1. Along the Cα→Cβ direction, 7 angstrom out, place labels at A:Arg66 and A:Ala245. What is the inter-label distance in nm?
2. Among the listed pairs A:Lys75/A:Lys297; A:Lys47/A:Lys142; A:Lys293/A:Lys314; A:Lys47/A:Lys207; A:Lys75/A:Lys207; A:Lys200/A:Lys242, which have their C-alpha atoms separated by more than 20 angstrom in this model?
3. May I ask you to derive the FRET efficiency for A:Glu179 and A:Gln137 from their Cβ-Cβ distance with R0 = 45 Å, giving the value to the nearest 0.05?
4. Tell me the Kirkwood hydrodynamic radius of segment A:111-182 in angstroms, computed as one over the mean inverse distance between distinct C-alpha pairs.
5. Estimate the FRET efficiency between A:Ser234 and A:Gln46 by the formula 1/(1 + (r/R0)^6), using the beta-carbon distance for r and 45 Å for R0, to the nearest 0.05.
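Values quoted throughout were computed directly from the atomic coordinates according to the rules given, and no laboratory measurement underlies them. Since the model is a prediction, treat every value here as computed from it, not as a measurement. Every residue, glycine among them, receives a Cβ derived from its backbone with ideal geometry; neighbour counts consider all protein chains shown.
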Amino acid sequence: MVCSRPTYVGYVRFWIMPELPEVETIARGLAKRVTGDLIESVWLGQKKEPLKSPAAQIAKALEGSRISSVRRVGKHIVFDLDPAPAAQKLSRPRSKSRRRTTSQDLAHAGHGLQAASHVQWIVHLGMTGSLRVCEPQTEIAKHTHAILKLASGRELRFVDPRRFGRLSVATAFDGTGLEPLEVDLARFVALFRGRKTPIKSALLNQKLLRGVGNIYADEALFRAGIRPRRRASSITRDHLAKLYAGLQRVLNEAIELGGSSISDYVDADGEEGFFQLRHRVYGREGEPCRVCKTPIKRVVIAGRSSHYCPECQK
DNA sequence: ACTATTTCCTGGATGC
DNA sequence: TGCATCCAGGAAATAG
């Protein structure tokens with residue numbers, strides 16, 4: 001499974017939520033499967049929440065385009081598209097039963113982007129979004145919001161029960177914030193200078209760093225020995241260096257684990273396994289710290305549950 | 001310019 | 001068993 005249903009690891013139930021490592025894994029899996037494929041037609045559902053760009057604009061950008069690459073930017077999945085030759089766009093047969101919105105329906109809607117040479121389809125999975133490569137006969141899951149019919153005969157489907165995910169198109173998508181695995185230590189340290197907000201909130205702020213979510217923020221803070229409520233500006237350079245290293249370590253470990261499950265999980269119904277990092281604090285309230293046995297604490301910071309070891313983190 | 005809080009959304013868990 | 005309530009999360013919107 002990807003992130004649309006719980007999976008079981010021992011006795012503990014986890015939702016696989018897409019943060020940087022999961023999105024990286026998903027993007028790599030998709031790149032393997034759909035790079036070079038042609039998007040023949042697009043169906044978009046009626047729910048408005050998942051569509052950050054107008055439906056007409058999304059359909060127009062995608063239909064007839066070829067997927068030249070798939071990559072991750074922060075928590076976003078970016079599909080780089082080679083635009084269709086103009087003549088190709090108007091002659092595609094498509095299934096009647098599923099179509100609701102296509103570029104032809106709204107050809108005169110007046111949205112731009114057609115002149116751009118680098119159009120991109122941007123997908124944010126939110127909490128429960130998933131992208132699935134499946135055969136056309138595969139039953140359409142509840143909460144399917146987009147179906148891309150590919151020239152290879154398969155379909156790429158976007159499914160998202162809670163509709164926190166977002167679909168949009170762009171021409172030079174650049175995200176916000178810095179990539180945690182690319183930023184150097186000096187810039188990382190500078191991000192927190194003068195910030196009174198709790199370090200946990202700063203880590204979650206996508207305008208500072210992109211791709212870090214609730215789980216990896218908690219895990220990185222544990223590895224750095226820093227309590228989540230500490231004001232960012234009060235943390236010494238030495239401890240920020242530990243945070244920098246801890247964050248990179250935990251993200252890289254999780255990506256490596258993802259790499260081992262990459263082959264299965266975006267196929268078919270998207271419910272294949274996904275190896276999960278063994279959390280040290282996240283979701284372990286009351287359980288003994290893996291280092292010192294002290295019970296893990298849970299507090300709420302900016303509306304997000306935050307877990308830490310009161311002994312190991314100061 | 002920052003920071004904190006509220007809102008969106010479904011379904012699984014929990015409580016009476 | 002049934003029904004109401006709470007909770008999870010990212011990020012945009014709102015308020016201070």
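1. In this crude label model, A:Arg66 to A:Ala245 measures out at 4.7 nm.
2. A:Lys75/A:Lys297; A:Lys47/A:Lys207
3. Once the sixth-power term is evaluated, E becomes 0.70.
4. 14.2 Å
5. 0.40
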